[in-house]
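The values are calculated or read from the model by the stated rules, or taken from the named source; none is laboratory data. None of the values given here were measured: they were computed from a predicted structure. Every residue, glycine among them, receives a Cβ derived from its backbone with ideal geometry; neighbour counts consider all protein chains shown. What goes into the accessible areas is simple: the full protein's heavy atoms, side chains included, and nothing from ligands, DNA or RNA. Shrake-Rupley method; radii C 1.70, N 1.55, O 1.52, S 1.80 Å.
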Amino acid sequence: MKLSELVTGIEAVAVCGEQGLAEKEVAGAYVSDLLSDVMGRAKEGEVWLTIQTHPNVVAVAVLLNLAAIIFTAGHEPEEQTKAKAEEEGIILLKTALSTYETAGRIYQLLTGAGRA
Amino acid sequence: MIQRFPVAGEDFSAAGEASSKIKNILRQVGEDAELIRRVCIAAYEAEMNLVIHAGGGEMILKLDTDMVEVIAQDRGPGIPDVELAMQEGYSTASDLAREMGFGAGMGMANMKRCASEMLIDTEVGKGTTVTLRFKTGKN
């Protein structure tokens, strides 16, 4: 699934890298606020749901080749985080939906589970 | 080939840059994607330990025909009990580091899992050198 389709489904807006949404393919998702956990388990092409908003999240996304970082529950990335993401070409998204709801919708979108 | 990257202590915003440079070099020399992924994870954890625990240090990348070596060297406080430090969940990170999502006690375990070989040379009050070796399969 393209990132642009997913963005609509989770009521997200792009904070950084909007021009890349239509091309970026989403392989899956990972949810965690512990950076070592993300480093150890998230895979290339996945989106990462977190409420950690400091610049180091960009380093994690770069090293793992993640498709995007999604800040959930209305969390806003810090200015430095945005600047770093621009510099590194990492897509940042934000949504007002809770982490639970965001993850649930992504799961549905990617697997088709729970569709009537 | 040997390359050295200085890492500043307590500078969380720049942390990860040395690992990022290592990643770019490995890409340029055409290493396998899965190997790069393993090196990146381990290098990032080692770099974060320099930032969080050691007051900074140096990351060294050595490329050989059949081996990638990443060395994290510091003159920090040293590790009093290596076995305990290797235990998943054990951490001595500051509250600030924990609030930022570091210090989950998973770093050393991540390094060990990703590397083909991991050596720790440490002395309390003197510093620590962590050597991470990755077999490349190229001969």
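Within segment B:122-134, is even one residue among the aliphatic types (A, V, I, L, M), touching a Gly at 6+ places or on another chain (Cβ under 9 Å) and crowded, with 20+ Cβ neighbours inside 10 Å?
No, every residue in segment B:122-134 fails to be among the aliphatic types (A, V, I, L, M), touching a Gly at 6+ places or on another chain (Cβ under 9 Å) and crowded, with 20+ Cβ neighbours inside 10 Å.
What are the residues in segment A:32-51 that are outside any helix (DSSP H, G or I), facing chain B (nearest Cβ under 10 Å), open to solvent by 20 Å² or more (accessible area, probe 1.4 Å) and not β-branched (Val, Ile, Thr), if any?
A:Asp33, A:Leu34, A:Lys43, A:Glu44
Among the residues of segment B:4-15, is any open to solvent by less than 20 Å² (accessible area, probe 1.4 Å), under 24 Å from B:Ser94 (Cα atoms) and within 13 Å of chain A (Cβ to nearest Cβ)?
yes
If you scan segment A:60-107, which residues turn out to be open to solvent by 50 Å² or more (accessible area, probe 1.4 Å), under 14 Å from A:Gly20 (Cα atoms) and in contact with a Ser or Thr (Cβ under 9 Å, 6 or more places away or on another chain)?
Selection gives A:Glu88 alone.
Evaluate segment B:87-102: report whether one residue or more is within 13 Å of the chain's Cα centre (by Cα) and within 19 Å of B:Ser19 (Cα to Cα).
Checking segment B:87-102: not a single residue is within 13 Å of the chain's Cα centre (by Cα) and within 19 Å of B:Ser19 (Cα to Cα).
Out of everything in segment A:52-66 that is facing chain B (nearest Cβ under 7 Å) and in a loop (DSSP other than H, G, I, E, B), what residue ends up being nearest to B:Glu17 (Cα to Cα)?
A:Pro55
Within 13 Å of another protein chain (Cβ to nearest Cβ), closer than 23 Å to A:Ala85 by Cβ and within 12 Å of the chain's Cα centre (by Cα): does that describe B:Ala46?
no
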